[in-house]
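Following this message is one structure expressed as structure tokens.
The values are calculated or read from the model by the stated rules, or taken from the named source; none is laboratory data. Bear in mind that the values here come from a model prediction, so they are computed numbers and not experimental data. Every residue, glycine as well, gets a Cβ built from its backbone with ideal geometry; the counts of neighbours run over all protein chains shown. Protein only, heavy atoms only, side chains kept; ligands, DNA and RNA dropped before computing areas. Shrake-Rupley method; radii C 1.70, N 1.55, O 1.52, S 1.80 Å.
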Amino acid sequence: MMGVKAALPRYELYVYNVVLCMAMLWAARWIFDVSSSNSNRKTFKTSVQPGWYYSGRKMDTADVEWMMWFSTFREHIIFALSGHVIFAKICSLLALQYRSLVFMVYGMLAVFTSMGWAYVTLILSHCVLLYSISLVKLRWLCFVAGLTTLATFKMEPFISWQAGFVTGSFELRPLLFYGGCGFTIMRCMSFALENCEKKDGNYSILELLKYNFYLPFFYFGPIMTFDKFYIQQANNPSLTRKDGEMWNISLQGLLHLGVIITVAVLLHFMYFLTIPSDMKLLKNISDWALVGLAYLNLVYDWVKAAVMFGVINMISRLDHLDPPNPPKCITMLYVFSETHFDRGINDFLCKYVYNYLGGKHDNVLDELIASLCTFGIAALWLGPGWVVFIWAFLNCFGLNFELWTTKFFTMEPFISIEMAISESMSRRIRAVFNTFNFWTIVLYNVLALNSLEFAKLVAKRLLLKGFPFTTITVLFVTYCLIQLIKEKERRQALIDDPDPIPPPEPVPAPTPTEPSTTQTDAAAAAQPADPNKQKAE
């Protein structure tokens, strides 16, 4: 692919690094100043609470999920996961052949202890219902039953009726209820669809229960499709590890601990989670601070997902599973086809919906149908609402627009123009288009993570009120970021591909008669996407 392996001069990359670092420090400084000077605002009183005593500062506690994991219910979560690890180790030493069964029993006991027998009964009833339907081996029926069941946990009056089975004042119960039920339905759908593909006979309901009640995945995911889980968990008599695997798991644990501490420190000095809820304050801060705030919120959401899924994945790797990888960093995303915050859900939708309906993703109509169905299910998973529908529509449009643009620019005369210019210039031109794509992705996802009002304000400041100075400045900084991402991808391609990749272009030496010059960007092309790697959430 032209432009992927193209190198840029070293001095050009140095300039991009300097510009990006200065811009990020500048934006962080403004957010810090806003947080410090407005810490006593009325809006902050509910979510900015006393933090570490020795820090002398308050802490942003607006994210309930983060506080639950690493503050409020930290001991409960550590206790439950530690018990799972201990039981797994004992079972591996004494009764290896019953290992998956012990995982199931421990998971059911943990769910029973935290949520009660009525909740366990509710979960079992859904498992039995979807298992019975899977015996018919009709994919469309499994989908209809699964999505209908999932809808009962997203719409009234079915939510209230089923939530009535769980009683008590345990503060965490509402979150555990919806998390456990939602992921249970998705796992049952995966099981049912895999059972439809099974040529001889059916999987037993015991296999479904082993799959569903694996505790590390039960409440918070990620979703590991049944075919992968069954092979690795049930039919894996050998539990040998690769060389250095335990060392890598240990390093992963230390890395997550370091990230958790770093995020906690940042939440004491920058209230970037609470500020977006104060529209009066947002209207008075600078354009650059507002843009940095939007970007920082997306980066934080990725870090949260990476850490929470990373901790769970670390536990499952101790059980010799190969769980879905953490989501790709938002900083590295400049195409819609790679945008997702939950790789488990993404893998589920790609395997059973997007790739199944879209085929090779080279037909515009098939791609449109596949993406509409995919984002329709994603909207149901997130919970129907106007903001979710707008988010799904915009991301669906962005994904299809990429395909249309790719096809358009692979036609004449564009393909001939690109072949006539150098690969480095092609890379620069592509980066210009990717810059606009990057901020489209940011704005679309800020809409889902924060609010419609905040997304509209950011878009207005970036495109209208801040034009041309703020707009051009932000796009130039983003262009620098895109080039650094492409350089990282180029180096990774150098590792993965045995074919030689040309080294960076040397800086031309000036002569007395001909001073050295640099090329300027001028032309247009689009970032082509590999059709076999199209993804959506």
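Pick from 144, 136: which is open to solvent by 50 Å² or more (accessible area, probe 1.4 Å), part of a loop (DSSP other than H, G, I, E, B) and without any contact (Cβ under 8 Å) to a residue 24 or more places away in the chain?
136
Hey, residue 423 hits all of (1) in contact (Cβ under 8 Å) with a residue 40 or more places away in the chain; (2) farther than 30 Å from residue 20 by Cβ; (3) open to solvent by 50 Å² or more (accessible area, probe 1.4 Å); (4) out of contact with any helix residue (DSSP H, G or I) (no Cβ under 7 Å at 6 or more places or on another chain) but one; which does it fall short on?
(2)
Continuing with this model, one more query. Examine the stretch 187-201 for a residue that is more than 28 Å from residue 80 (Cβ to Cβ), small (Gly, Ala, Ser) and at pLDDT below 90, and state whether such a residue exists.
Yes, there is a match, as at least one residue in the stretch 187-201 is more than 28 Å from residue 80 (Cβ to Cβ), small (Gly, Ala, Ser) and at pLDDT below 90.
The conditions are (1) in contact (Cβ under 8 Å) with a residue 40 or more places away in the chain; (2) part of a helix (DSSP H, G or I); (3) open to solvent by less than 40 Å² (accessible area, probe 1.4 Å), and residue 207 fails exactly one of them. Which is it?
So residue 207 meets the others, but not (1).
Select from the stretch 309-336 the residues that are part of a loop (DSSP other than H, G, I, E, B), open to solvent by less than 50 Å² (accessible area, probe 1.4 Å) and in contact (Cβ under 8 Å) with a residue 40 or more places away in the chain and list them in ascending order.
Scanning the stretch 309-336 gives 319, 320, 321, 323, 324, 333, 334, 335.
While we're looking at this one, here's another question. Of the residues 450, 434, which single one is crowded, with 19+ Cβ neighbours inside 10 Å, over 30 Å from residue 385 (Cβ atoms) and out of contact with any strand residue (DSSP E or B) (no Cβ under 8 Å at 6 or more places or on another chain)?
Only one candidate qualifies: 434.
Can you tell me which residue among 370, 306 is in a helix (DSSP H, G or I) and farther than 30 Å from residue 241 by Cβ?
The match here is 370.
Determine whether the stretch 372-393 contains at least one residue that is of a type in the set (S, T, N, Q), surrounded by 15 or more Cβ atoms within 10 Å (Cβ to Cβ) and over 24 Å from residue 435 (Cα atoms).
yes
If I filter the stretch 337-356 for residues that are open to solvent by 30 Å² or more (accessible area, probe 1.4 Å), in a helix (DSSP H, G or I), modelled with pLDDT under 85 and at negative phi, do I get at least one hit?
yes
While we're here: Return the pairs, sorted by first residue and then second, in which the second residue is hydrophobic (A, V, I, L, M, F, W, C) and surrounded by 24 or more Cβ atoms within 10 Å (Cβ to Cβ), the first residue lies in the stretch 189-202 and is in contact (Cβ under 8 Å) with a residue 40 or more places away in the chain and more than 17 Å from residue 224 (Cα to Cα), the beta carbons are less than 9 Å apart, and the residues are 6+ apart or on different chains.
Within 9 Å, the pairs are 196/142.
Further question on the same structure: Filter the stretch 102-124 down to the residues that are open to solvent by 60 Å² or more (accessible area, probe 1.4 Å) and within 31 Å of the chain's Cα centre (by Cα), then identify the one that is nearest to residue 161 (Cα to Cα).
Of all residues in the stretch 102-124, those open to solvent by 60 Å² or more (accessible area, probe 1.4 Å) come to 105, 109, 112-113, 117, 121.
If we keep only those that are within 31 Å of the chain's Cα centre (by Cα) too, we end up with 105, 109, 112-113.
Numbers: 105: 27, 109: 24, 112: 20, 113: 22 Å.
Selected residue: 112.
Tally up the residues in the stretch 274-294 that are open to solvent by 30 Å² or more (accessible area, probe 1.4 Å) and either closer than 17 Å to residue 71 by Cβ or at pLDDT 90 or above (or both), please.
The qualifying residues number 0.
Now, a different point. Output the residue which, of all residues in the stretch 170-195 that are open to solvent by 10 Å² or more (accessible area, probe 1.4 Å) and within 20 Å of the chain's Cα centre (by Cα), is nearest to residue 217 (Cα to Cα).
My answer is 183.
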